[in-house]
1. Keeping all protein chains in position, work out how much accessible area I307 exposes to a 1.4 Å probe, and write it in Å² to the nearest 10.
2. Rounded if a/c is under 1.5, else prolate if a/b beats b/c, else oblate: with a ≥ b ≥ c from the C-alpha gyration tensor eigenvalues square-rooted, which is region 262-382?
3. To the nearest µm²/s, what D does Stokes-Einstein give for region 110-253 at 10 °C and 1.306 mPa s, using the Kirkwood radius over alpha carbon pairs as Rh?
4. Need one number for region 361-424: average projected area of the convex hull over its C-alpha atoms, nm².
5. Given points 7 Å out from each Cα along the Cα-Cβ axis, report the E530 to D64 separation in nanometres with one decimal.
6. Suppose the Debye formula is applied to equal point scatterers at every Cα of region 11-85; what is log10 I(q)/I(0) at q = 0.19, 0.26 Å⁻¹?
7. Cα-Cα over 30 Å: which of K342/K365; K343/K365; K343/K387; K146/K362; K156/K355?
8. Return the FRET efficiency for the residue pair S544, T409: r is the Cβ-Cβ distance, R0 is 56 Å, and the value is rounded to the nearest 0.05.
Amino acid sequence: MASDEASPAAAAERIRVVGAWAGSLEVELGGWTVPMLRAEVARRAGGVEPDRINLIFGGRVLKDDPPASLQQAGLKGNAKVLSTLLAPDRGKAIAAQAAAAAAEEEHNNRLVRLWNAAEALCQRHTDGSFHEEDFNLDLEDQSGQKVMFGSVDDLKAVKMALMLHQKAKTFIKRDMHKEALDVLAMAEEAFSLCDPKLIERVDNVPMLQLDIVWCYFVLRDVSRLEVAGTRLERARSGFERSHGKDSARFRLLQAGRHADLAIYVRLELLEGVVAYHNGNTVKARESLTSAQAKYMQLQVPDEAISILMSMGYGARAAKRALKMTGYDIQSSVDLLCEEREKKIRRVQEDMEMQKEIMEQKKYGKTPMNKAVNMQKLKGLVAIGFEKKLAAEALRINENDADKALDLLTDPEQNCILQHKIMSKAKRLSRGSGSGSSSSRAAAATTASGVNNSQTPVDTSANVPDGSAMEESHVLPVINEEAANNVEAVNDDETVNHEEEDMSEESAEGEEEANPPPVRDVAMENELAHEMTGDALDDYDIDVSNEGQAISEYLSLLDSAA
């Protein structure tokens, strides 16, 4: 409410209001906000709802968001404000429009964050950048083997597409199909950045096309039928290239199992729906009948599930195995055993990978914010160089193995490098190196806590406490000549400290010249947490909705006939 007396903290100013309510108000321009003025005018206009009052000043409508003082909104003493009374429905409509616009803006901002986070993750886990996380992203096929692509750009594009596609699948499972469509469009764009010849033999792209059309269907978006038909044709041809004619190649890879049956139920259902709405009833009935036959094959008897559950398997895992093996108990047990062995092997591999990442972090960043290349480090260690010495040589030479080898084989440079590492270790052991850039060489590191994996994008599991990085220690001297040189250098402490300070200043300058990009940690972790690492997850589709839709459209065809 307006105060009839001036506030002791600030002088009140008088403004004039005309329109729905006419009169003068004494307000504190620096303390009052637009919502406060709107509420006061609404009260004096007869106690109407504040959202029905529209305030206009200087030819523009005063907005509540962001909340600003009247002074910030441009009002001054003796300002004239026009108030209009909106119809009840009109006020609600404006409020609904504002809410919808805010929600749309938030959704668009989230999409931008998703793209940037996926791009940043793939960049770090593709071009050798220093990992801020304790996991790694790799491409795997259905058997768990690492997949390599032609170029770094292709590898990055595929990883981005798969991460975004996985995020869209999460939206689909939550019945958020409109949001899923936007993310699927981004995944499709990421796939388009990759060489088509490299991905035409995998079924990830046709799966993406199928998911897009499924979202059209669930949203009842009949206006996209024409483009839906085109997408389904691409999906059909893509599955034939990757799975073979009548899925012969897929059956061979899957040891005769029918893991892809649910995919073809959905595909043929959607083909039938598109044909029905285009007036091609013959094609519609053919597709829907075929989809119904496959759907019936996926109805697992309760008795078979009970048998597997009595062996100690969970209901969901048992049902999935039975669907993919045609209810064969022995084949289902074999499949479940294979999956269990894969999980055990993956955990072991992930633990080894995380140990390597933690060791990699211990060696610090290169001048270009890259991590030490572990393969090149293993090569130098294999020919007899001490690991930490070789790692430092690679680090300061930006992972150039030839330059690192030249440094290590130069007795004088080798001696200086050994002394530098020893000095850092001594300072760290005394606690005098805290806050110094030299501690980068032994960064024992906080882990991000992300523990996820996805096929084909694979991440590592957490390592037990016993596998954490050990403290840095003094490196052994490689030869007697180097030992004598180190002793000679230690005789001159002043020169030694000057060299160390110059080295550290140089390292700090390199980091300042190449600062790491700002991370969206929350969005990156969200993407990582949604990776399943389950090779059969894409084929494990609950087709209950498809079954209802098949019956519905077959009934429509019968009625039309």
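1. In the full protein context, I307 sits at about 80 Å².
2. oblate
3. Reported coefficient: 98 µm²/s.
4. Average projection, Cα convex hull of region 361-424: 3.9 nm².
5. 3.2
6. So the normalised log intensities are -0.68, -1.37.
7. K342/K365; K343/K365; K343/K387
8. After rounding to 0.05, the efficiency reads 0.25.
The values are calculated or read from the model by the stated rules, or taken from the named source; none is laboratory data. Remember, it's a predicted structure, so these values are computed and weren't measured experimentally. Cβ atoms come from the backbone with ideal geometry, glycine included; neighbour counts cover every protein chain shown. Side chains included, ligands, DNA and RNA excluded: accessible areas come from the protein's heavy atoms. Shrake-Rupley method; radii C 1.70, N 1.55, O 1.52, S 1.80 Å.
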